[in-house]
1. Taking a label point 7 Å from the Cα of GLU98 along the Cα→Cβ vector, which residues of region 45-65 have an amide N closer than 18 Å to it?
2. Give me, ordered by chain and number, the residues 5 or more places off VAL37 or on other chains with an amide H under 5 Å from its own placed amide H.
3. Please report how far the C-alpha centroid of region 40-99 lies from that of region 14-36, rounded to the nearest whole angstrom.
4. Provide VAL91, VAL119, VAL14 ordered by accessible surface of protein heavy atoms (probe 1.4 Å), highest first.
5. For SER133 and SER32 in one chain, what is 0.36 nm times their gap in residues minus the Cα-Cα distance, to one decimal in nm?
6. Going from the alpha-carbon gyration tensor of region 60-151, what semi-axes, largest first and in whole Å, does one get by taking the root of 5 times each eigenvalue?
7. Work out from phi, with θ = phi - 60° and the Karplus expression 6.51 cos²θ - 1.76 cosθ + 1.60, the ³J(HN,Hα) of each residue of region 14-21, listed in order in whole Hz, and give x for Gly and Pro.
8. Can you work out the Karplus-derived ³J(HN,Hα) for every residue in region 24-36? Use 6.51 cos²θ - 1.76 cosθ + 1.60 with θ = phi - 60°, whole Hz, and x for glycine or proline.
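The values are calculated or read from the model by the stated rules, or taken from the named source; none is laboratory data. Computed from a prediction, not measured in an experiment: that's the story for all the values here. Positions of Cβ are backbone-derived with ideal geometry, glycine not excepted, and every protein chain shown enters the neighbour counts. Side chains are part of the model used for accessible areas, which takes the heavy atoms of the whole protein and leaves out ligands, DNA and RNA. Shrake-Rupley method; radii C 1.70, N 1.55, O 1.52, S 1.80 Å.
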Amino acid sequence: FIRGLFHYLGGLAVSAPVGLWESGLGAGLPLSSLVLVGQRDLDPFEEVLIDQAEIPHIKPTDDLPVALRRAIAGRPIYLHLDCDVLEPGIVPTDYRHEGGLSLADLRLCAEVMAEHLVVGVEIAEFQISWSPSGAPVSPRPILDALAPILRS
């Protein structure tokens, strides 16, 4: 069932919390509570779902602060940062797709989010090195970009 919906299971990771499949970790998050920032390389099902549910999808080329502030509309925030939404080369990830968020974009988003109640932060898809035998890479650039919400 899942293989028919998504190119790979990690696609649209929020699909379980909104009840599109049973993860065993809970469901019930309404689609109307989602805001997507920087996603690209979407599967056709994901694109249809985003369009039909009218989920705000803010792209790196948009005026990030204005668009994000409008989409959040004063609501509390739980940030799920999937590191492969960043421009390739910023941190090691399995999936590389051009046109991602820069660290400056991520910082702008964090500044806007810091204006709201942040109830949680989750960072996914961060690999410790560029290769299995490579030297460890520091998460410091991401943490620095997220500093406005990590301090709030």
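1. Output list for this probe position: 60-62.
2. Amide H neighbours of VAL37: ILE58.
3. 16 Å
4. Putting VAL91, VAL119, VAL14 in descending order of accessible area: VAL119, VAL14, VAL91.
5. Details: separation 101, 0.36 × 101 = 36.36 nm, distance 4.26 nm.
Extra length available between SER133 and SER32 comes to 32.1 nm.
6. 25, 14, 10
7. Computed from phi, the couplings for region 14-21 are 7, 4, 6, x, 8, x, 7, 7 Hz.
8. Whole-Hz 3J(HN,Hα) from phi for region 24-36: x, 10, x, 8, x, 6, x, 4, 5, 8, 8, 9, 9.
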